[in-house]
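Since every read-out is calculated from the coordinates, none of them should be taken as a lab result. Nothing here was measured: the structure is a model prediction, and the numbers come from that model. With ideal geometry, Cβ positions are generated from the backbone for all residues, glycine too; neighbour counts draw on all protein chains shown.
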Amino acid sequence: MKWKKATEKGYTSLIDLWEKSVLATHDFLNSADREAIKIEIPSYFPQLDMKMWYQDDSFIGFSGVHENHLEMLFLDPEHIGNGFGSSILTYLIEKDGVKFVDVNKDNKQAAAFYYKNGFQIISESEQDDQGRNYPILHLSLEV
């Protein structure tokens with residue numbers, strides 16, 4: 001597996017993969033909120049260390065990190081459950097110093113993924129950062 005830095009030229013590919021992933025994994029999101037987030041999310045890309053992840057020549061996912069916080073990690077649904085997420089997360093922990101991540105409380109699959117990879121809950125918010133009524137779990141890597 002390899003990665004390349006995401007640039008503005010690749011943002012359309014990021015959004016397309018994000019939408020495919022969210023449709024497959026975020027059944028708790030209503031469609032209006034999903035569409036609003038789809039419009040908002042590209043504004044975050046320039047503020048993050050965005051990596052596009054590839055297996056051979058296939059674009060399988062992307063990650064976004066700010067300092068030691070994993071802000072986003074999305075995989076093409078075809079590649080979920082094959083170890084790619086854990087490999088990417090391990091790289092981000094070891095090479096980029098990731099220690100924290102937030103996850104939607106209702107995204108049980110993602111929360112279980114982070115627990116399996118050594119994260120634990122340190123706090124919880126009743127709403128997401130945009131004030132939507134989606135509870136967020138704030139996780140920290142076990143020390």
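Of note:
- Computed from phi, the 3J(HN,Hα) profile of the range 12-20 under the Karplus parametrisation 6.51, -1.76, 1.60 (θ = phi - 60°) reads 4, 5, 4, 5, 4, 5, 3, 5, 4 Hz, with x in place of Gly and Pro.
- Cα centre as origin, Lys/Arg/Asp/Glu Cβ charges: the chain dipole, Debye: 320
- Neighbour cut-off at most 13 other Cβ (10 Å), DSSP loop, GluC sites (Glu not before Pro), the range 2-107: Glu67
- Couplings for the range 100-111, taken from phi via the Karplus curve 6.51 cos²θ - 1.76 cosθ + 1.60 with θ = phi - 60°, read 9, 7, 10, 9, 4, 4, 7, 8, 4, 5, 5, 4 Hz in order; Gly and Pro are left as x.
- Model label points for Ile122 and Tyr11, set 7 angstrom from Cα along the Cα-to-Cβ axis, are 3.0 nm apart.
- Cα→Cβ-extended label distance, 7 Å offset, between Lys2 and Leu23, nm: 3.0
- For the range 113-143, the list of GluC sites (Glu not before Pro) that fall in a loop by DSSP and count at most 13 other C-beta atoms within 10 angstrom reads Glu126, Glu142.
- Separation between Cα centres of the range 48-98 and the range 18-40, rounded to whole Å: 19
- Relative contact order for the range 73-143, counting Cα pairs under 8 Å that sit 6 or more residues apart, in percent: 30
- Proximity of backbone amide H atoms, modeled 1.01 Å from N, is registered between Tyr134 and Asp128 at under 5 Å, excluding neighbours fewer than 5 places apart on the same chain.
- Amide H contacts of Gly61 (H built 1.01 Å from N, under 5 Å, at least 5 apart or other chain): Trp53, Asp76
- Fewest-first sequence of Trp3, Trp18, Trp53 by Cβ atoms within 10 Å of each Cβ: Trp3, Trp18, Trp53
- Computed [θ] at 222 nm, deg cm²/dmol, the chain (DSSP H ≥ 4; -39,500 (n - 2.57); rounded to nearest 500): -10000 deg cm²/dmol
- Ignoring lysines fewer than eight residues from Lys108 along the same chain, the ones with Cα atoms less than 26 angstrom from its Cα are Lys20, Lys38, Lys51, Lys99, Lys116.
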